[in-house]
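Undergrad: Have a look at the structure that comes next, please.
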Amino acid sequence: MTRSRPLVELAGPCVLVSAVGIVGSFTSNATAIYFQTAIVSVAIVVALYVFVGNSGVLSFGQASFASVGAYAAGIMTVPVESKVGTLPDVFPLLRDHAIGNAWSFVLATAIGAAYALLVGIPLMRLSGLAAGIATLAVLEITHNILHEWTKIGPGAGLLSLIPETTGLLQATAGALVVIGVAFWYQRTRLGRQLRATREDPAAAQAVGISVHRQRLWAFALSGALSGFAGALYVHMIGSLTADQLYLELTFLSLAMLVIGGVTSLWGAVVGALLVSGVDSFLGQAESGVNIGFQLDLPTGTRLVAVGALMALTLILRPSGITGGREFSLRWLEAARLRRVLAAARPREEGS
Amino acid sequence: MIVAVVDAQNLVDALGLGAIYALMAVGIGLVFGVLRLVNFAYGQLIMAGAFTLAYASRANWPTWAAVLACFGVVLALSLIMEVAVFRPLRTQSPAVMLVATFAVAFLLQSVALLIVLKVQGQLGVPASAVAQLSRAVTIAGVDIRKVTIVSLVVAVVALGLLAVLLGRTTIGLQMRAAATDFTTARLLGVSANRVIALAVVLAGVIAAAVAVLLTARTPYVQSDFALHDTIIVLVGVVVGGIERLWTATLGGFAIGFASGVINGALPTDKSVYLPSALFTLVILVLLIRPAGLFARGRSSVVERV
Amino acid sequence: MSTAAAVQAPMLEVAGLDVRYGPVAAVRGVSLHVGAGEIVGLIGPNGAGKSTTLHAIMGLVPPRAGEVRVAGHRLHGSAPERVARSGVALVPEGRRIFAELTVEENLRLGLAGRRSRDGAAEDFAAVYELFPVLREFRRRSAGALSGGQQQQLAIARALVARPKLLLLDEPSLGLAPRVVDLVFDALAEIRERGVTVLLVEQRAQRTVAFADRTYLMSNGEIRLTLTPTDAADTDRMVAAYFAA
């Protein structure tokens with residue numbers, strides 16, 4: 001049973017995400033979008049988890065990598081004819097070329113990784129409060145540049161006409177890829193070394209683990225996955241502004257991670273699906289929904305609910321819904337063990 | 001070449017903003033000192049005060065009543081925050097506390113948005129209660145808004161009173177000790193609850209005062225009132241050095257003054273990249289001196305590997 | 001030693017104290033008592049649980065089980081400030097003085113443990129008499145003091161609270177021999193003034209010779225009680241220390 005435990009840990013999140021995708025495919029087009037959003041959220045939150053969960057360092061900057069990845073994938077997949085008209089000031093390299101869907105993901109991942117590496121080299125020396133503020137600064141700088149620099153994008157305007165290739169299938173496939181990579185990383189020696197630094201940085205350094213380097217690897221990987229998730233996102237929505245992958249997303253993804261459980265992959269997945277579900281349901285309820293009786297919530301309720309959920313989780317159960325543990329079938333093992341023990345016990349009567 | 005024009009008017013206005021940010025820095029620094037908690041939701045206390053002023057002015061209350069109500073609401077909310085959020089979190093790690101106050105900030109902001117949309121049907125409420133402070137007087141040929149003068153006076157008086165409280169009273173001494181080493185202070189007999197309550201109340205009073213001043217500067221109150229300011233002040237406080245009250249206050253003042261001067265001095269089209277420049281500077285400072293620009297030596301909260 | 005001590009109820013009574021740090025049992029079923037006016041020592045090797053015992057008495061760490069009574073009052077489970085105000089003062093390991101405050105401010109903090117401030121001036125005068133160097137440095141920041149001087153400050157700060165029971169956690173740690181003498185002289189003076197003392201120390205021999213009684217603790221448990229006559233018997237001491 002111990003040998004197959006890692007498989008079980010990976011299977012849990014994968015099966016859950018796939019199940020959500022499958023269920024979503026049976027619903028109407030209007031409802032399917034909520035399932036898609038939930039699955040893309042999983043990708044974003046798992047990308048965040050790869051860094052924050054493994055290193056224990058808070059980062060407000062992953063949305064920048066998602067944003068940059070989204071812009072890269074978006075701009076390069078808008079048909080050239082449209083770009084010449086809508087984005088005349090952009091660099092010719094960007095304006096006069098277009099790439100296919102699959103390549104846009106490669107590009108987004110590469111750019112996310114490169115940007116994260118660039119930013120991470122200086123920043124990974126910081127911890128705690130300084131890291132939080134510094135990564136917040138990165139978020140602000142990225143947003144500022146994307147909002148103003150019209151040579152790399154629409155600036156303050158809307159980037160539209162992006163091919164909407166992310167349906168349930170692409171979303172689910174993408175999320176599974178992100179989960180797979182995250183799982184692989186945390187089981188490698190690199191991942192385990194980083195987790196050691198989370199538990200006790202001094203002890204880890206004493207055995208020769210370079211805290212800076214381990215964090216940098218995770219940060220770069222997280223950047224790559226965030227970029228990838230950004231591409232998933234932009235191909236789902238079909239349009240993009242600088243404000244879309246910014247403060248609200250930062251808050252929501254952190255909320256999802258915390259509510260699910262910061263220190264486990266299972267927590268990231270559960271948190272993302274749960275909060276996204278609640279968010280979608282309440283968003284629907286804000287414009288009126290029938291659940292046996294008519295529910296019509298005032299606008300803004302969904303944000304209140306998510307905020308309250310996050311605050312309550314932190315106060316009452318800081319380790320999250322999953323308690324920060326990976327998915328396991330331990331209860332199944334325990335039941336089996338009990339049966340085996342009961343059968344092996346010598347019978348009292350007749351001995 | 002960027003030609004920056006800095007004139008007296010700009011300087012004075014920036015001083016006013018610096019004074020307000022210095023006050024906010026004190027509020028944040030006081031709570032941090034005794035609780036080791038960065039209250040991201042501090043801005044929401046100010047927002048609540050601003051909304052109180054807004055609704056009071058809609059109901060045509062006299063100014064003094066509106067201001068009094070503002071103080072009352074902010075103090076009540078501060079104490080609720082202390083009991084419902086800070087106290088249960090006291091045993092948690094700094095990271096959890098950070099994210100928790102972040103969540104509370106978001107929650108309060110969302111609640112405010114909800115209420116405003118439901119009641120007003122629009123995003124914001126105008127607040128005219130303290131509008132007369134927005135008017136300007138001319139001193140030595142410079143147009144100074146009254147609120148700037150009031151801000152400076154309030155800041156100087158408040159900081160002065162605080163210095164006296166901390167330096168010369170017993171409870172102030174206990175607060176200073178608690179901010180350095182809470183456990184040892186407690187085993188000497190210092191009451192944790194009393195010291196914390198005092199810090200929270202003082203921070204609340206300051207937040208209420210800031211609400212009045214900011215509402216005078218910006219008489220339209222939305223649910224994200226003071227959010228931008230709080231983020232800037234937090235950055236300033238960490239850059240200045242959050243461990244000690246005076247370095248935090250200095251950081252808050254500096255960033256407020258700098259923002260005011262730069263914003264006023266640069267022509268609009270050149271200043272679009274100002275946030276990037278500012279935040280790059282922040283990152284540089286944090287890399288060189290993670291404990292803060294004005295701090296001495298290493299700190300215990302902000303580690304560097 | 002005060003003969004009245006035997007007649008009065010013990011100033012400190014610890015019964016069946018059990019303290020855990022997570023899964024690790026630091027203190028196991030410890031029972032000890034200190035009579036009024038006595039100086040009782042608590043020695044033992046590193047990690048024996050001596051500091052933890054003091055911390056549990058002071059309310060800094062919650063006991064899993066057991067009782068702590070000071071002058072008959074139940075104090076187990078109380079917050080440290082309540083314990084302090086019940087007349088217990090702790091001189092913590094490593095002094096833990098406030099380096100940025102002045103010597104006088106450090107002393108003033110000690111007043112927080114008292115019920116009333118009456119007679120504070122006399123108490124200050126008394127500690128200045130006991131530790132003259134503090135009077136000399138009283139307006140200087142406490143961080144400017146040497147290790148030995150800081151130890152004196154820590155003891156003075158505790159005394160200013162007029163405690164019924166004084167707890168000391170390894171006061172001689174890291175101090176030069178001359179300064180250690182000073183500390184023990186001060187403790188003798190404190191004994192004269194009728195303050196009850198529980199002294200945790202590493203210097204086994206000196207403590208056993210000095211205190212009225214000394215408990216030997218090892219691995220979270222009290223192994224035996226030694227008296228000053230045992231101090232001369234080095235073999236017995238060594239055997240006790242290592243057998244435990």
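Undergrad: Between C:Gly41, C:Gly72, which is modelled with pLDDT under 90, within 26 Å of C:Glu192 (Cα to Cα) and away from chain B (no Cβ under 12 Å)?
TA: Just a single option satisfies the conditions, and that option is C:Gly72.
Undergrad: Condition check: surrounded by fewer than 24 Cβ atoms within 10 Å (Cβ to Cβ) and assigned to a helix (DSSP H, G or I). Does C:Ala186 satisfy that?
TA: yes
Undergrad: Within segment C:192-221, which residues are more than 26 Å from C:Ile155 (Cα to Cα) and in contact with a strand residue (DSSP E or B) (Cβ under 6 Å, 6 or more places away or on another chain)?
TA: Once the filter is applied, which keeps residues that are more than 26 Å from C:Ile155 (Cα to Cα) and in contact with a strand residue (DSSP E or B) (Cβ under 6 Å, 6 or more places away or on another chain), segment C:192-221 yields C:Gly220, C:Glu221.
Undergrad: Moving on. Might you let me know whether segment C:51-59 holds any residue that is within 14 Å of chain B (Cβ to nearest Cβ), outside any loop (DSSP other than H, G, I, E, B), buried (at least 18 other Cβ atoms within 10 Å of the Cβ) and more than 12 Å from the chain's Cα centre (by Cα)?
TA: Yes, segment C:51-59 contains a residue that is within 14 Å of chain B (Cβ to nearest Cβ), outside any loop (DSSP other than H, G, I, E, B), buried (at least 18 other Cβ atoms within 10 Å of the Cβ) and more than 12 Å from the chain's Cα centre (by Cα).
Undergrad: Let me ask another. Any idea which of (1) over 30 Å from A:Glu248 (Cβ atoms); (2) surrounded by fewer than 18 Cβ atoms within 10 Å (Cβ to Cβ); (3) away from chain C (no Cβ under 14 Å) is the one B:Thr170 doesn't satisfy?
TA: (3)
Undergrad: Just to be sure I understand, how many residues within segment A:125-138 are under 19 Å from A:Gly227 (Cα atoms) and either surrounded by fewer than 23 Cβ atoms within 10 Å (Cβ to Cβ) or touching a residue at least 40 places away in the same chain (Cβ under 8 Å) (or both)?
TA: Step one: of segment A:125-138, the residues under 19 Å from A:Gly227 (Cα atoms) are A:135-138.
Now restrict to residues that are either surrounded by fewer than 23 Cβ atoms within 10 Å (Cβ to Cβ) or touching a residue at least 40 places away in the same chain (Cβ under 8 Å) (or both): A:135-136, A:138.
Result for segment A:125-138: 3.
Undergrad: Of the conditions (1) assigned to a loop (DSSP other than H, G, I, E, B); (2) within 14 Å of chain C (Cβ to nearest Cβ); (3) among the hydrophobic types (A, V, I, L, M, F, W, C); (4) farther than 25 Å from B:Ile80 by Cα, B:Ala291 fails just one. Which one is it?
TA: (2)
Residues are listed down the side, and each one gets a yes or a no for (1) facing another protein chain (nearest Cβ under 8 Å); (2) closer than 22 Å to A:Phe105 by Cα:
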position	(1), (2)
A:Ala131	no, no
A:Ala137	yes, no
A:Glu140	yes, no
A:Pro163	no, yes
A:Gly167	no, yes
A:Gln170	no, yes
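Undergrad: Another question, then. Checking B:Val233 against (1) away from chain C (no Cβ under 14 Å); (2) at pLDDT 90 or above; (3) open to solvent by 20 Å² or more (accessible area, probe 1.4 Å), which single condition isn't satisfied?
TA: Among (1) away from chain C (no Cβ under 14 Å); (2) at pLDDT 90 or above; (3) open to solvent by 20 Å² or more (accessible area, probe 1.4 Å), B:Val233 violates only (3).
Undergrad: Show me the helices (runs of 4 or more DSSP H) found entirely inside segment A:1-103 where at least 1 residues are basic (Lys, Arg) and out of contact with any helix residue (DSSP H, G or I) (no Cβ under 6 Å at 6 or more places or on another chain).
TA: A:5-25
Undergrad: Also, I was wondering about something else. Could you identify the single residue in A:Val269, A:Val275, A:Val306, A:Val262 that is out of contact with any Ser or Thr (no Cβ under 6 Å at 6 or more places or on another chain), surrounded by 24 or more Cβ atoms within 10 Å (Cβ to Cβ), part of a loop (DSSP other than H, G, I, E, B) and not basic (Lys, Arg)?
TA: The unique qualifying residue is A:Val262.
Undergrad: I'd like to know if segment A:183-195 contains one or more residues that are among the β-branched types (Val, Ile, Thr), open to solvent by less than 50 Å² (accessible area, probe 1.4 Å) and in contact (Cβ under 8 Å) with a residue 40 or more places away in the chain.
TA: For segment A:183-195, residues among the β-branched types (Val, Ile, Thr), open to solvent by less than 50 Å² (accessible area, probe 1.4 Å) and in contact (Cβ under 8 Å) with a residue 40 or more places away in the chain: absent.
Undergrad: Looking at segment C:163-177, can you tell me whether even one residue there is at pLDDT below 90 and hydroxyl-bearing (Ser, Thr, Tyr)?
TA: Yes, segment C:163-177 contains a residue that is at pLDDT below 90 and hydroxyl-bearing (Ser, Thr, Tyr).
Undergrad: On to the next question. Give the number of residues within segment C:189-232 that are farther than 26 Å from C:Gly16 by Cβ and either open to solvent by 70 Å² or more (accessible area, probe 1.4 Å) or among the hydrophobic types (A, V, I, L, M, F, W, C) (or both).
TA: 13
Undergrad: Which one is least open to solvent (accessible area, probe 1.4 Å) among residues in segment B:251-305 that are modelled with pLDDT under 75 and closer than 21 Å to A:Ile121 by Cα?
TA: Here the answer is B:Val302.
Undergrad: Further question on the same structure: Is segment A:321-344 home to any residue that is away from chain B (no Cβ under 14 Å), open to solvent by less than 50 Å² (accessible area, probe 1.4 Å), assigned to a helix (DSSP H, G or I) and not hydrophobic (A, V, I, L, M, F, W, C)?
TA: yes
Undergrad: So, one more: Could we say that C:Arg178 is within 12 Å of chain B (Cβ to nearest Cβ) and surrounded by fewer than 21 Cβ atoms within 10 Å (Cβ to Cβ) here?
TA: For C:Arg178, the condition - within 12 Å of chain B (Cβ to nearest Cβ) and surrounded by fewer than 21 Cβ atoms within 10 Å (Cβ to Cβ) - is not met.
Undergrad: A further question on this structure: Find the residue count for segment B:180-216, including only residues that are open to solvent by 30 Å² or more (accessible area, probe 1.4 Å) and under 24 Å from B:Val233 (Cα atoms).
TA: Start the filter on segment B:180-216 by keeping residues that are open to solvent by 30 Å² or more (accessible area, probe 1.4 Å), which leaves B:180, B:182-183, B:186, B:193-194, B:197-198, B:201-202, B:205.
Still in the list and also under 24 Å from B:Val233 (Cα atoms): B:180, B:197-198, B:201-202, B:205.
The qualifying residues number 6.
Undergrad: Can you name the residue in segment A:217-260 that is small (Gly, Ala, Ser), farther than 27 Å from A:Asn101 by Cβ and at pLDDT 90 or above and, of all such residues, is farthest from the chain's Cα centre (by Cα)?
TA: Here is the first cut: in segment A:217-260, the ones small (Gly, Ala, Ser) are A:218, A:220, A:222-224, A:226-227, A:229-231, A:238-239, A:242, A:253, A:255, A:260.
Narrowing the set further to residues that are farther than 27 Å from A:Asn101 by Cβ leaves A:218, A:255, A:260.
Adding the requirement that they be at pLDDT 90 or above leaves A:218, A:260.
Values: A:Ala218: 14, A:Gly260: 12 Å.
Filtering first and then ranking leaves A:Ala218.
Undergrad: Which strands (runs of 3 or more DSSP E) does segment B:94-210 wholly contain that include 3 or more residues that are modelled with pLDDT under 90 and of a type outside the set (Gly, Ala, Ser)?
TA: B:136-139, B:142-145
The values are calculated or read from the model by the stated rules, or taken from the named source; none is laboratory data. Not measured: the values here are computed from a predicted model. All Cβ positions, glycine included, derive from the backbone under ideal geometry; neighbour counts span all protein chains shown. Note: areas computed on protein heavy atoms with side chains; ligands, DNA, RNA excluded. Shrake-Rupley method; radii C 1.70, N 1.55, O 1.52, S 1.80 Å.
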